[in-house]
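A quick write-up on the structure given underneath.
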Amino acid sequence: MLLAIDVGNTNVTLGLFSLGPSERERALTHQFRLESARGRTADEYAIFVRQLLAMHDVDPSKITAAIVASVVPTLTDTVVQLTQRAFGLTPLVVGPGMKTGVAILIDNPREVGADRIVNAVAAHEKCVAREADAQKGVIVVDFGTATTFDVVSPKGEYVGGVICPGILISADALFSRAAKLPRVEVAKPPKAIGKNTQHAMQSGLFYGYVALVDGLVERLRGELSYPVKVLATGGLARLIAPASSTLEEVDEDLTLVGLRILYERNVS
């Protein structure tokens, strides 16, 4: 089995893939999440991961390979040590020198976060696999700690993108900087016009973010000379997507699948 690890600013997401010869036999079989605790040691992470595997009756000896994408430099070495101590494996780490199959067409390719390249790889492969989308580019909207918009050409080139504060960051800023406003759940309110403070705040967060997403997607489309498919991923994708006029599909496993694809490209 392949252990794919996506280290984000809020969560560390782990996925287990079978390593069979066919696409169906390389499916994501398990997924786990841990807090991205920068003070946690590799030994502590190893204990948590082994406990999660035991809870799901997964034999650790079946894990024979690992790959890591990290946007938290202080946790990258910790996660590498985790795989070494828990499974006796040295993982592939997404970064310079890795074969991605993606040309990065921005001023400084080293500035692009590993997760954004992984998403670009997975999204392009997904479009290529579908006859109806084979000649399209793709915009990936990733609802993480930051919300990112990444544009991939029909040739699989990473064209560039947009980085915005995530919806939870925006909410935290509102709660902390406005003394009289209470902390509210980020959720869809009954109507856009709030009849109380809670619903008014939820409307601003929810519908304001939907408008941000749709406005940016339309602006990106206007700068492109080819049609695009718009994919959403990340923790809040399923909250925002139903109200959006531009998000066409939600794929919560996109980053993990991209890690599996990159592993295959670099071990064959």
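Could you tell me how many of the residues in the range 209-260 are surrounded by fewer than 19 Cβ atoms within 10 Å (Cβ to Cβ) and closer than 23 Å to Val68 by Cβ?
Of the residues in the range 209-260, 3 are surrounded by fewer than 19 Cβ atoms within 10 Å (Cβ to Cβ) and closer than 23 Å to Val68 by Cβ.
Tell me which residues, restricted to the range 54-104, are exposed (fewer than 15 other Cβ atoms within 10 Å of the Cβ), among the polar types (S, T, N, Q) and touching a Phe, Trp or Tyr at 6+ places or on another chain (Cβ under 9 Å).
Ser61, Thr64
Which one of Asp107, Asp150 is buried (at least 17 other Cβ atoms within 10 Å of the Cβ) and closer than 22 Å to Pro73 by Cα? Give the derivation first.
Numbers: Asp107 fails: buried (at least 17 other Cβ atoms within 10 Å of the Cβ).
Criteria check complete, one pass: Asp150.
Only one of Gly95, Gly39 is out of contact with any helix residue (DSSP H, G or I) (no Cβ under 7 Å at 6 or more places or on another chain) and among the small types (Gly, Ala, Ser); which?
On the way: Gly95 fails: out of contact with any helix residue (DSSP H, G or I) (no Cβ under 7 Å at 6 or more places or on another chain).
Exactly one of Gly95, Gly39 is out of contact with any helix residue (DSSP H, G or I) (no Cβ under 7 Å at 6 or more places or on another chain) and among the small types (Gly, Ala, Ser), namely Gly39.
Go through the range 202-234 and give me each residue that's touching a residue at least 40 places away in the same chain (Cβ under 8 Å) and more than 14 Å from Val140 (Cα to Cα).
Matches in the range 202-234: Tyr209, Leu212, Leu224, Tyr226.
Does the range 167-177 include one or more residues that are touching a strand residue (DSSP E or B) at 6+ places or on another chain (Cβ under 9 Å), modelled with pLDDT under 95 and surrounded by 17 or more Cβ atoms within 10 Å (Cβ to Cβ)?
Kept after step one, since they are touching a strand residue (DSSP E or B) at 6+ places or on another chain (Cβ under 9 Å), are these residues of the range 167-177: 167, 169-170, 173.
Filter once more, keeping what is modelled with pLDDT under 95: 167, 169-170, 173.
Still in the running and surrounded by 17 or more Cβ atoms within 10 Å (Cβ to Cβ): 167, 170.
Within the range 167-177 (the criterion being touching a strand residue (DSSP E or B) at 6+ places or on another chain (Cβ under 9 Å), modelled with pLDDT under 95 and surrounded by 17 or more Cβ atoms within 10 Å (Cβ to Cβ)), the answer is yes, since at least one residue qualifies.
Among the candidates Ala123, Ala129, Ala134, single out the residue that is over 21 Å from Gly8 (Cβ atoms), in the same structural domain as Val159 (by TED's automatic domain parsing) and out of contact with any Pro (no Cβ under 9 Å at 6 or more places or on another chain). Step through it out loud before you land on a result.
Working: Ala123 fails: over 21 Å from Gly8 (Cβ atoms); Ala134 fails: out of contact with any Pro (no Cβ under 9 Å at 6 or more places or on another chain).
Of the residues listed, the single one that is over 21 Å from Gly8 (Cβ atoms), in the same structural domain as Val159 (by TED's automatic domain parsing) and out of contact with any Pro (no Cβ under 9 Å at 6 or more places or on another chain) is Ala129.
Checking Ile163 against (1) at pLDDT 90 or above; (2) more than 25 Å from Val250 (Cβ to Cβ), which single condition isn't satisfied?
Of (1) at pLDDT 90 or above; (2) more than 25 Å from Val250 (Cβ to Cβ), only one is false for Ile163: (2).
Could you tell me whether Asp142 is outside the structural domain of Ile67 (by TED's automatic domain parsing), in contact with a Lys or Arg (Cβ under 9 Å, 6 or more places away or on another chain), assigned to a strand (DSSP E or B) and among the charged types (D, E, K, R)? If you could, list the steps in order and put the result at the bottom.
Numbers: outside the structural domain of Ile67 (by TED's automatic domain parsing): yes; in contact with a Lys or Arg (Cβ under 9 Å, 6 or more places away or on another chain): yes; assigned to a strand (DSSP E or B): yes; among the charged types (D, E, K, R): yes.
Against the criterion (outside the structural domain of Ile67 (by TED's automatic domain parsing), in contact with a Lys or Arg (Cβ under 9 Å, 6 or more places away or on another chain), assigned to a strand (DSSP E or B) and among the charged types (D, E, K, R)), Asp142 qualifies.
Only residues that are under 19 Å from Ala146 (Cα atoms), part of a helix (DSSP H, G or I) and of a type in the set (Ser, Thr, Tyr): list them for the range 223-268, please.
Matches in the range 223-268: Thr255 only.
The values are calculated or read from the model by the stated rules, or taken from the named source; none is laboratory data. Keep in mind the model is a prediction, meaning the values are calculated, not measured. Heads up, the Cβs are rebuilt from the backbone with ideal geometry, glycines too, and the neighbour counts pull from every protein chain shown.
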